[in-house]
Amino acid sequence: MPAGLNRALLTLVGAVIAILLAIAISSVAIIAAGASPLAALGAFFDFGSRPATVANGIATFLNRAVPLFIAGLAVAVGFRMNLFNIGVEGQYRLAGIVAAYVGSTFTAPAPIQIAVIIVVAAAVGGLYALIPAVMKVTRGVNEVIATIMLNYVAINLASYLVRGPFSGPRAEGSLNTTTPELPESAMFPNLNFIFDWFGQPEPTRGGGVWGFLIGAVVLGVLVWVVLERTRFGFSIKASGLNGQAALASGVDPKKMTIAAMVLSGAIAGLISLPELLGDKGAYTSTFTAGLGFLGIAVALLGRNKPVGIAFAALLFAFLDRAQGALQFADVPASVITIIQGMIVLLVVVANEVTNRFANRLEERRAAQQLGRNIPVEVGA
């Protein structure tokens, strides 16, 4: 069996075992909370009894997966450079509110309107990520500390802007503050027609299936091409593995650090767009939070590969969608967090174990192959 296929199979087996162990450990926590693990399992697969409810459940599941996938991509770019961009949370919040406000200040044909909002979001996220990158290469400031502190700055700045300079008219009786509404041309068309193909009713909740799903797929392909099939991607990986060796080969690791962080931040800036352009139409004080931190777990679970990140995002979205069903089944919703945490922890451990096992198999195979190629001297 080829070494690459052998390693892939070992990784897959390790991930499956880790997920099963996470479910088993989480079952103990469910029992300790006085609930039934079987009831919890049923709740995860409960999409409703009516076709309309099932359609809404599927739309919620897919809509949750899209920003998680983008967040995982943003974190993964930094990980490729051995950079821990913990600032994705702040980067997407700040990018989201600035893009929402800029997009509300003018009206243009849909392609131009949407393109401007995307460019603004990516630019703000990238520029905000540039701050810790410059601090690291010029002053040696650890990017983890810098990005964590900048998260607080961005989150509170976004909170100030949505209630102050960027606030729009508040609906009567509403306690939420928002930016001005985006024009209709800024909204991505939904993908509800997919349900028509299968003769099912279209979802009616949350704007249906957000059209940014297609943009996320395109983004995933682009990130894969950049990281796996370009000199730039190789330079990032080489600089992350050994900066001195990369410098000796003509690659400036400081420039790669800045490039990787800016690219990571630019991708992070897009995290808020699926919800912004698919449902809300404005940045609100109750905009979905925590996606940046979940992106770290998704990237780790997906092993920093776009395909793996996609599966990890779908898994996390599948678990998150069941919050309502779990409550109806008298199971604490915190079970979801326990399962997610256990999956990430055990998958990371499983990856390390399978990597070591695969390395030993490859070394043994190489030694055997070398033994076959050594000529035996007769009569020496």
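For region 1-64 and region 173-243, what is the separation of their Cα centres, given in Å?
A separation of 23 Å, based on Cα centres.
For region 193-335, what is the number of Lys pairs with C-alpha distance below 29 angstrom, counting only pairs 8 or more positions apart or on separate chains?
Working: 237/254; 237/255; 237/305; 254/305; 255/305.
Final tally of qualifying lysine pairs is 5.
Amide H neighbours of residue 192 under 5 Å, at least 5 residues apart or on other chains, H built in the peptide plane: list them.
Under 5 Å from the amide H of residue 192 lie the amide H atoms of 209, each far enough along the sequence or on another chain.
Accessible area of residue 130, 1.4 Å probe, to the nearest 10 Å²?
Its accessible surface works out to 60 Å², give or take rounding.
Can you list, bin by bin at 10 Å, the percent of alpha carbon pairs in region 170-266, starting at 0?
Using 10 Å bins, I get a P(r) of 13, 24, 21, 20, 16, 7, 0 for region 170-266.
For region 131-203, taking Cα atoms only, what is the radius of gyration to one decimal and the Dmax to the nearest whole Å?
My reading of the Cα-based Rg and Dmax gives 20.7, 60 Å.
Report the per residue volume, in Å³, of the convex hull enclosing the C-alpha atoms of region 186-320. Working shown, then result.
On the way: hull volume 18.6 nm³, N = 135.
Considering the Cα atoms of region 186-320, their hull volume per residue is 138 Å³.
Grab the Cα-Cα distance for residue 255 and residue 364, subtract it from 0.36 nm times how many residues apart they are, and report the gain in nm with one decimal.
On the way: separation 109, 0.36 × 109 = 39.24 nm, distance 3.90 nm.
Full extension from residue 255 to residue 364 adds 35.3 nm.
From the protein chains alone at 1.4 Å, what is the descending order of accessible area for 320, 279, 46, 330, largest first? List each step's numbers first, then the result.
Working: 320 20, 279 60, 46 80, 330 125 Å².
Largest accessible area first, the list is 330, 46, 279, 320.
Compute the projected area of the convex hull of the Cα atoms of region 99-178, averaged over all viewing directions, and report it in nm² to one decimal place.
Working: hull surface 27.8 nm².
Projected over every direction and averaged, the Cα hull of region 99-178 covers 6.9 nm².
Strictly greater than 25 Å: what percent of every Cα pair in region 6-161 meets that? Each step should come with its number before you reach the end.
Values: 6838 of 12090 pairs.
Tail fraction, whole percent: 57.
Given labels modelled 7 Å from the Cα in the Cβ direction, how far is it in nm from residue 110 to residue 152?
Those two pseudo-labels are separated by 4.4 nm.
Put one equal scatterer on each alpha carbon of the chain, apply the Debye formula with no solvent term, and list log10 I(q)/I(0) at q = 0.09, 0.10, 0.15 1/Å to two decimals.
-0.60, -0.73, -1.42
Angle, helix 51-80 long axis vs. longest principal axis of the chain, Cα atoms, 0 to 90°, nearest 10?
50
With Kirkwood's inverse mean 1/r over C-alpha pairs for Rh, give me the Rg to Rh ratio of region 302-352, two decimals please. Don't skip to the answer; put the middle values down first.
Values: Rg = 12.6 Å, Rh = 11.9 Å.
When Rh is taken as the Kirkwood radius, the ratio is 1.06.
Net charge near residue 168: determine it from the other residues with C-beta under 13 Å of the C-beta of residue 168, scoring Lys and Arg +1 and Asp and Glu -1.
Working: positive: 163, 170, 280; negative: 181.
Local charge sum for residue 168: +2.
Give a residue-ordered list of calculated ³J(HN,Hα) values for region 303-312 (Karplus: 6.51 cos²θ - 1.76 cosθ + 1.60, θ = phi - 60°; whole Hz; x for Gly, Pro).
Each residue of region 303-312 in turn: 6, 6, 10, x, 5, x, 5, 4, 5, 5 Hz.
Pop a pseudo-label 7 angstrom from the Cα along the beta-carbon direction at both residue 221 and residue 24 and give the gap in nm to one decimal.
So the two model labels end up 4.1 nm from each other.
What order do 92, 152 take when sorted by accessible area (1.4 Å probe), most exposed first? Provide the component values of the computation, followed by the final result.
Working: 92 0, 152 140 Å².
Accessible-area ranking of 92, 152, largest first: 152, 92.
How large is the convex hull of the C-alpha atoms of region 266-321 per residue, in Å³?
97
If I take R0 = 22 Å and measure r between the Cβ atoms of residue 205 and residue 285 in this structure, what FRET efficiency does the formula 1/(1 + (r/R0)^6) give, to the nearest 0.05? Each step should come with its number before you reach the end.
Working: r = 21 Å, r/R0 = 0.96.
Plugging the Cβ-Cβ distance into 1/(1 + (r/R0)^6) gives 0.55.
Quick one: length gained pulling residue 141 to residue 230 fully straight, 0.36 nm per residue minus the C-alpha distance? Please list the in-between numbers first.
Values: separation 89, 0.36 × 89 = 32.04 nm, distance 2.90 nm.
Extending this stretch completely gives an extra 29.1 nm.
The values are calculated or read from the model by the stated rules, or taken from the named source; none is laboratory data. Everything numeric here is computed off the predicted structure, so don't read it as measured data. Here Cβ is always computed from backbone atoms with ideal geometry, including for glycine, and neighbour counts include all displayed protein chains. Keep in mind that these areas ignore ligands, DNA and RNA; they rest on the heavy atoms of the full protein, side chains included. Shrake-Rupley method; radii C 1.70, N 1.55, O 1.52, S 1.80 Å.
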